[in-house]
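Colleague: The structure that follows is given in the form of structure tokens.
Values quoted throughout were computed directly from the atomic coordinates according to the rules given, and no laboratory measurement underlies them. All values derive from a computational prediction rather than experimental measurement. Positions of Cβ are backbone-derived with ideal geometry, glycine not excepted, and every protein chain shown enters the neighbour counts.
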Amino acid sequence: MFEEEAIVKNNLGLFARPAMFFIQKANEFKSTIFIKFNEKMVNAKSLLGVLSLGVMKGQKIVISAEGIDDREAVSSLIRLIDSCFLEYETTDEDV
């Protein structure tokens with residue numbers, strides 16, 4: 001098992017689109033992935049689970065994973081959070 005802490009920096013926290021992007025990224029990995037926040041732990045691949053945490057800007061979460069690609073999964077999700085989900089923003093070329 002591998003885990004790492006992150007501070008959610010984007011304005012919306014883990015709600016709406018950022019939560020959806022987080023789950024999409026989590027589903028790219030085979031490992032079982034969880035998010036821990038305020039004594040609650042949920043499946044990071046579950047939209048309802050992630051939304052139920054109510055994580056807002058500036059709050060600390062712990063992402064943990066267990067499986068064949070656990071380190072890669074956690075590192076990738078941490079990078080996504082640290083980027084404020086910028087890798088998912090669309091450009092004029094995408095429209």
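Colleague: Of the residues that sit in the stretch 40-76 and are within 11 Å of Val8 (Cα to Cα) and not polar (S, T, N, Q), which one is surrounded by the fewest Cβ atoms within 10 Å (Cβ to Cβ)?
Modeller: Restricting to residues being within 11 Å of Val8 (Cα to Cα) and not polar (S, T, N, Q), the top hit is Gly58.
Colleague: OK, next. Just to verify a result, which residue in the stretch 1-14, among those that are free of Cβ contacts under 8 Å to residues at least 60 places away in the same chain and either buried (at least 16 other Cβ atoms within 10 Å of the Cβ) or among the basic types (Lys, Arg) (or both), is nearest to Gln59 (Cα to Cα)?
Modeller: Across the stretch 1-14, the extreme among qualifying residues is Gly13.
Colleague: Ok, one more. Which of the residues belonging to the stretch 23-39 are surrounded by 14 or more Cβ atoms within 10 Å (Cβ to Cβ) and over 11 Å from Ala73 (Cα atoms)?
Modeller: Narrowing the stretch 23-39 to residues surrounded by 14 or more Cβ atoms within 10 Å (Cβ to Cβ): 23, 25-26, 29, 31-37.
Of everything in the stretch 23-39, those that are surrounded by 14 or more Cβ atoms within 10 Å (Cβ to Cβ) and over 11 Å from Ala73 (Cα atoms) turn out to be Ile23, Ile35, Lys36, Phe37.
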